[in-house]
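The structure appears below as structure tokens.
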Amino acid sequence: MDCIFCKIIDGDIPSTKVYEDENVFAFNDINPQAPVHCLVVPKKHIVSVDETSECDMEYIAAIFRAIPKIASALGLKNGYRVITNVGEDGCQSVKHMHFHILGGKKLPESMG
Ligand code: AMP
Ligand code: ZN
């Protein structure tokens, strides 16, 4: 499958890994929008939040178990933002579901 995040998970494209478990992989965003900016992805190719099925729920749960662990490991003691873009209007550029973790500074209030 021609998916850049599947290739990152498989190690075929290099990334800076920040976390990995059985179901989840996380790595630094190549174009950071904040001092800390990483992406948390399921190890299964799920397109987006809009295209999940019941059997994907263990991955969703694993992602939300991993996020606070990653945030803590990255020193985000004072809070952070979690974003997932969906589809065309959401400006989702990579069609493998991913959750941005942004932090390391006071983020702007605007969500667009
Ligand atoms: P989105 O616009 O929500 O689909 O986010 C895709 C994100 O993936 C962007 O923030 C990109 O900077 C990031 N990205 C694209 N290619 C890579 C890569 N090879 N390694 C790390 N991050 C990437
Ligand atoms: Zn994929």
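The numbers here are math on the coordinates, done by the rules we state, and not lab data. Treat the numbers as computed from the prediction; the structure is a model and nothing was measured. Virtual Cβ from ideal backbone geometry, glycine too; neighbours counted across all protein chains shown.
Observations
- When both bridge partners sit in the chain, DSSP labels roughly 100% of those beta bridges antiparallel.
- Exceeding the 28 Å Cα-Cα cut-off - candidates Lys43/Lys106; Lys7/Lys77; Lys69/Lys95; Lys7/Lys105; Lys17/Lys106: Lys43/Lys106; Lys7/Lys77; Lys7/Lys105
- Calculated FRET value between His45 and Thr84, using beta carbons and R₀ = 25 Å, to 0.05: 0.95
- Size-normalised alpha-carbon gyration radius of region 4-103, reference 2.2 N^0.38 Å: 1.00
- Region 14-35 and region 52-90 have Cα centres lying 12 Å from one another.
- Exposure proxy order (Cβ contacts within 10 Å, fewest to most) of Cys38, Cys55: Cys55, Cys38
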